[in-house]
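The values are calculated or read from the model by the stated rules, or taken from the named source; none is laboratory data. Every value quoted in this text rests on a predicted model; they were computed, and no experiment measured them. All Cβ positions, glycine included, derive from the backbone under ideal geometry; neighbour counts span all protein chains shown.
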């Protein structure tokens, strides 16, 4: 729910909004060099095993995010809640990504990946749903994005359930070289708030 007061925005923010009762949510591009330590900790934890980087060294993490940063079709963002990093979100254009070879890409398709950071305190009801909703609001601010595509590991029951609760509809299961993936789609018109 937008508020009338504009939240403070830093030079690097691509999105900022005060979520009543939750805090200030900001989204900024990943800085491959400065964020390597944080990202390495997150992607190598057991809870992030489906992210596929469990054995990555800090140097490899930096290389991966430097490569993403060099592409005009793929982007990585850190989400912050009251200035504390809480999630990693990535976007991609499916027609410029290997996933585009596994389904019929439609004009307006836009892909996402999400990794919620480790808990930094007591559980907050609705935490993940709020972060996902804010990210989808950011993604859908571009009216050319008509359908959101996600392709999490088909064995990741938690993220599959979370995406379905957000309104994503399962598509086909596909065998990618590095994982069995479950395609899920969210049409702009079907976004649940």
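Looking at 169, 86, which is the one that is closer than 22 Å to residue 53 by Cα, at pLDDT 95 or above and either surrounded by 17 or more Cβ atoms within 10 Å (Cβ to Cβ) or in contact with a helix residue (DSSP H, G or I) (Cβ under 8 Å, 6 or more places away or on another chain) (or both)? Steps first, answer last, please.
Details: 169 fails: closer than 22 Å to residue 53 by Cα.
The unique qualifying residue is 86.
Selection over the stretch 98-109 of residues that are within 18 Å of the chain's Cα centre (by Cα) and buried (at least 17 other Cβ atoms within 10 Å of the Cβ) gives a count of 2. Listed by first and then second residue, the pairs linking a residue in the stretch 13-31 that is at positive phi and assigned to a strand (DSSP E or B) to a residue that is at pLDDT 95 or above and surrounded by 17 or more Cβ atoms within 10 Å (Cβ to Cβ), with Cβ atoms under 8 Å apart and 6 or more places separating them unless they lie on different chains, are 23/81.
Restricting attention to the stretch 118-172, the residues being in a strand (DSSP E or B) and in contact (Cβ under 8 Å) with a residue 24 or more places away in the chain number 7.
For the stretch 173-183, a tally of residues being within 18 Å of residue 136 (Cβ to Cβ) and not in a strand (DSSP E or B) returns 0.
Screening residue 181 on (1) more than 15 Å from the chain's Cα centre (by Cα); (2) surrounded by 17 or more Cβ atoms within 10 Å (Cβ to Cβ); (3) more than 15 Å from residue 112 (Cα to Cα) shows it passes everything except condition (3).
Scanning the stretch 78-96 for residues that are in contact with a strand residue (DSSP E or B) (Cβ under 6 Å, 6 or more places away or on another chain) and closer than 23 Å to residue 179 by Cα turns up 87, 88, 89, 90, 91, 92, 94. Restricting attention to the stretch 36-57, the residues that are part of a loop (DSSP other than H, G, I, E, B), more than 16 Å from residue 114 (Cα to Cα) and in contact with a helix residue (DSSP H, G or I) (Cβ under 7 Å, 6 or more places away or on another chain) total 1.
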